[in-house]
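Below is one structure, written out as structure tokens, with a few remarks after it.
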Amino acid sequence: MTTTTDTSAGVGAPEAPRSTALAKRPSVTASAANYIDERTSISGLVKELGRKIFPDHWSFMLGEVALYSFIVILLTGTFLTFFFQASQTPVVYDGTYLPLKGINMSAAMNSTLHISFDIRGGLLMRQVHHWAALLFVASIGLHMLRIFFTGAFRKPRELNWMIGFILFILAMAEGFTGYSLPDDLLSGNGLRIIDGLIKGLPIVGTWISYLLFGGEFPGTEIVGRLYTLHILLLPAILVAALGVHLVLLVINKHTQFAGPGKTNDNVVGVPIMPVFAAKAGGFFFIVFGVIMLMASLFTINPIWTYGPYDPSPISAGTQPDWYIGFADGALRLVPSDWGFMIGDYTFSLNIVAPVLVLGLFIVAVAAYPFIEGWITGDKREHHIADRPRNAPTRTAIGAAGVTFYAVLWAAASSDLIATHFLLSIEGVIRTLQITLILGPIVAYQITKRVCLALMKKDREIALHGFESGRIVRLPGGEYIEVHEQLSDYERWRLVSFQDYKPLMIRPNAQGRISTLERARGAMSSWFFEDRISPVTNTELEQAHGAGHGAVETGSADGHEIGTGH
Amino acid sequence: MAKSASQDPLTKGRVRKQGRRSPLASIALILIGLVATGGVYALFTTSANASTTAASSALTTEGSKLFQANCATCHGMNLEGTKVAPSLIGVGAASVDFQVSTGRMPAAASGPQEEQKPSQFTAQQTQALYTFVASKAPGPGIPSKEYLGGNDNAAQGALLFRTNCAMCHNVAGAGGALTEGKFAPALTGVKAKTIYEAMETGPQNMPVFNDKNLTPMQKADVITYLKYLDNNPSPGGLDLGNLGPVSEGLFLWIFGLGTIVGVTIWLTAKAN
Ligand code: HEM
């Protein structure tokens, strides 16, 4: 497989011989392309896109998975709009599903059942739409984690991180509004929780709720309004943001992992045209296929068992779709007696506290690139993706964040954990409450230690090679283990990362150091105090020049490693 | 633990039942039945009557013995109850049949709640036990077969199930958690008679649904719905345990995203 280098200086690519051949005897396609080009000058764009380089690490394809599942969602969603009626007019069900015959329900529920049982392929389309929605948000989540842990959000890509983050929020909003459309019991309960959440906000809550639902919950307006959001407003913003996201991606180019010939100033990989495009096309069908497979074999959102929404019943095991789970979990974990009284007024914190905590968490995620940039004071451009171990503090923060999120997420299924592992629900909740606080701290510490240990190991290997397991007896009778040296290519991967030091805080023009700067200095030394510097050339030469790199005698000759402690 | 004794389900149900079947059909059925069995039955009537009472008193004695041997330590010699177990006076045959045939009684080592086990008694011994307990004081009897057919109104049953049972047992009858380690069990594959008796007697943390709450016909509808769920797999494909979004989410992450990540690794590995 040939790889190509795309210089960010934008040096024109050498003319491919094939295109000259084409120019001699224009085929139909060529003249059609010519026709379009003469009127739109699109060829520049095509050339640019066609020469866009795509690195060859699997984690770089997660964004594509999101893109493809979104396409699947658009296709199936459009199908659903042909038959879905966004109205809460009461009707009596008279379709083919026996256990609902003669039951009162809204037109929305009725039409969704109609799609499921009486429209050819309707149920499949609903299931494809819903599975694809779950996959969409999941792949965005994983994609974000990849960006985070490789530091691909650093300058110049902070903006694109923000846009990606907005896409993530929009995807969740799309999912939630869609989930509420069929007006079944489960989605109604979900809306009821949102209603409760809004009403729990002090003072403004009740007003907002009435505004949103057009009166007292559930009212007769909400499905229509959500529908407008779900198929018009949110998708429009989503598509626009997605466009900007992709354009910025082309402008900034991909990051790549360090490797021979891969520098901060180029991108090494496969150009999009033709091989990568073919692969990507194939990959689209694979993603489509996996979604299809799930949708045709596995039920999702069986609204026919949930029945129509009615404010009185509620089912055990009522949960939102997975991507809203963390919010549900937060509500389940907040201690039920949080609140206080001032005079005659009760101030309950049951809603406000989780909303604040989640809000803070979400803002922290959105602003992370800027926070880290400020702490490190790093204004350089970065095009080489960090190996997560080489940024121990960031990776540890990420692990803590993932743990926090995961605990909230698990809490949303506390009742199922209790029944399936034969535990008491109180015990599960209590354990999760403790884990929510301790878990991230533990995860932080462990991750950081593991990263540092891995860096140390890399350093050892780069300097002294790896233990070959081959024991040799020297003529003098001494036993040694032979150390095998890395090839230069392999070593490159281990040694090429940037070194950081805590910021030096300097007094400003007035000769004073502001509190903010002081805090920044403290954060910066927290960020970088534990670190292991990359192997320098001098060290390498020394290690190998001295000749002891090839063999290491039994005694441990500890090399000084630049840890801060 | 005196659970409210209900109206006799038989009489009440008959009244309801009339409107549901064409009277002509009933007459025809009765005629056929009479013609087919009348002659033979007439021959044995007298002896049958005598043997029924004899059999029933034999049953009561057998039940009494079984009770003394297996239950009296907890429930007391005269069903009066002890510190560890409630009185069984007036619980009725339905309660005993439910508890014993699902293996909940005799109770085992204490957990948060008595759980189902394979029943320790044969059908005949069970019958002896409930006949004995019912002979001491009246209570809800064994449900009549006419409510157990599972061919009544599934839609009404589903509606009733959602309003009365789903908060504990989950809409699809997949079960759910209660406080302190107690739980409402899954209702898949539970026998019609057991469902009826559970509603009628309200075991442990389940409320009693007496015949005023849910008439016998309504109970029959609920049974019909649960049987419908048993006999009709989800139209959408495998149901992932009917646990709703949690199992869907887990499945998506593990199977869906797992497969796709596998594919990406494979695709990019080939590129080198
Ligand atoms: C422009 C794009 C979209 C259109 C036209 C569309 C259309 C629809 C329609 C008409 C329904 C109601 C019918 C039904 O529930 O079966 C629906 C449901 C739904 N939509 Fe969308 N949708 C779009 C995008 C999305 C996106 C981006 C997501 C998620 C991230 C999403 C998630 C859902 C979900 C979870 C449901 C409930 C499905 C179910 O009933 O099982 N949709 N959508």
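A few notes on this one:
- Residues being in a helix (DSSP H, G or I) and aliphatic (A, V, I, L, M) - total across region B:147-206: 11
Conditions tested, residue by residue: (1) outside the structural domain of A:MET144 (by TED's automatic domain parsing); (2) touching a Pro at 6+ places or on another chain (Cβ under 6 Å).
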| residue | (1), (2) |
| --- | --- |
| A:THR299 | no, no |
| A:TYR306 | no, no |
| A:VAL363 | yes, no |
| A:ALA366 | yes, no |
| A:GLU372 | yes, no |
| A:ARG389 | yes, no |
| A:ARG394 | yes, no |
| A:ALA400 | yes, yes |
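- Only one entry in A:SER139, A:SER187, A:SER180, A:SER209 is buried (at least 18 other Cβ atoms within 10 Å of the Cβ) and in contact with a Lys or Arg (Cβ under 6 Å, 6 or more places away or on another chain), namely A:SER209.
- Candidate set: region B:139-182, residues that are of a type in the set (Ser, Thr, Tyr) and farther than 28 Å from A:ASP94 by Cβ; chosen: the one nearest to the other protein chains (Cβ to nearest Cβ): B:THR179
- Enumeration of residues in region A:110-139 that are among the basic types (Lys, Arg) and within 7 Å of the ligand (Cβ to nearest atom): A:ARG126
- Scanning region B:249-272 for residues that are at the interface with another protein chain (Cβ under 7 Å from one of its Cβ atoms), of a type in the set (A, V, I, L, M) and open to solvent by 50 Å² or more (accessible area, probe 1.4 Å) turns up just one, B:ILE265.
- Filtered residue count, region A:68-85, keeping only those that are near the ligand (Cβ under 6 Å from one of its atoms) and part of a loop (DSSP other than H, G, I, E, B): 1
- Subset of region A:414-453 (residues that are more than 14 Å from chain B (Cβ to nearest Cβ) and either among the hydroxyl-bearing types (Ser, Thr, Tyr) or touching a strand residue (DSSP E or B) at 6+ places or on another chain (Cβ under 9 Å) (or both)): A:THR435, A:TYR444, A:THR447
- When residues of region A:98-117 are limited to those that are crowded, with 20+ Cβ neighbours inside 10 Å and not in a helix (DSSP H, G or I), the one farthest from the chain's Cα centre (by Cα): A:ILE103
- Where A:VAL204 falls short, out of the listed (1) at pLDDT below 95; (2) open to solvent by less than 20 Å² (accessible area, probe 1.4 Å): (2)
- Within region A:181-264, helices (runs of 4 or more DSSP H) holding 2 or more residues that are away from every other protein chain (no Cβ under 14 Å) and more than 16 Å from the ligand (Cβ to nearest atom): A:185-199, A:204-213, A:234-252
- Inspection of region A:315-331 finds a residue satisfying the criterion of being open to solvent by 20 Å² or more (accessible area, probe 1.4 Å) and in a loop (DSSP other than H, G, I, E, B).
- For first residues located in region B:227-238 and at the interface with chain A (Cβ under 7 Å from one of its Cβ atoms) and open to solvent by 40 Å² or more (accessible area, probe 1.4 Å), partners that are modelled with pLDDT of 85 or more and part of a loop (DSSP other than H, G, I, E, B) and lie 6+ apart or on another chain with Cβ distances below 9 Å form the pairs B:PRO235/A:TYR97; B:PRO235/A:THR299; B:PRO235/A:PRO302; B:LEU238/A:THR299.
- Here A:ILE480, A:ILE461 are screened, and the one residue that is open to solvent by less than 50 Å² (accessible area, probe 1.4 Å), over 31 Å from the mean Cα position of the chain (by Cα), modelled with pLDDT of 80 or more and within 30 Å of A:ALA399 (Cβ to Cβ) is A:ILE461.
- Criterion applied to B:VAL190, B:VAL246 was being open to solvent by 10 Å² or more (accessible area, probe 1.4 Å) and out of contact with any Ser or Thr (no Cβ under 8 Å at 6 or more places or on another chain), and the one residue passing it is B:VAL190.
- Residue count, region B:131-167 (criterion: without any contact (Cβ under 8 Å) to a residue 12 or more places away in the chain and more than 30 Å from A:ASP415 (Cα to Cα)): 1
- Scanning region A:118-134 for residues that are in contact (Cβ under 8 Å) with a residue 60 or more places away in the chain and open to solvent by 10 Å² or more (accessible area, probe 1.4 Å) yields A:LEU124, A:ARG126, A:HIS130, A:ALA133.
- Residues that are buried (at least 18 other Cβ atoms within 10 Å of the Cβ) and within 12 Å of A:MET125 (Cβ to Cβ), drawn from region A:61-91: A:VAL72, A:ILE73, A:THR76, A:GLY77, A:PHE79, A:LEU80, A:PHE84
- Residue count, region A:367-385 (criterion: exposed (fewer than 15 other Cβ atoms within 10 Å of the Cβ) and without any contact (Cβ under 8 Å) to a residue 60 or more places away in the chain): 1
- Any hit, region A:142-153, residues being of a type in the set (A, V, I, L, M, F, W, C), under 30 Å from A:PRO302 (Cβ atoms) and more than 14 Å from the ligand (Cβ to nearest atom): yes
- Selection within region A:92-109: residues that are more than 16 Å from the ligand (Cβ to nearest atom) and of a type in the set (A, V, I, L, M). The member of this set that is farthest from B:LEU229 (Cα to Cα) is A:VAL92.
The values are calculated or read from the model by the stated rules, or taken from the named source; none is laboratory data. Only a predicted model underlies this, so the values are computations on that prediction, with no experimental measurement involved. Neighbour counts are summed over all protein chains in view; Cβ atoms, including those assigned to glycine, are modelled from backbone coordinates with ideal geometry. Just the protein is used for accessible areas: all its heavy atoms, side chains included, with ligands, DNA and RNA removed. Shrake-Rupley method; radii C 1.70, N 1.55, O 1.52, S 1.80 Å.
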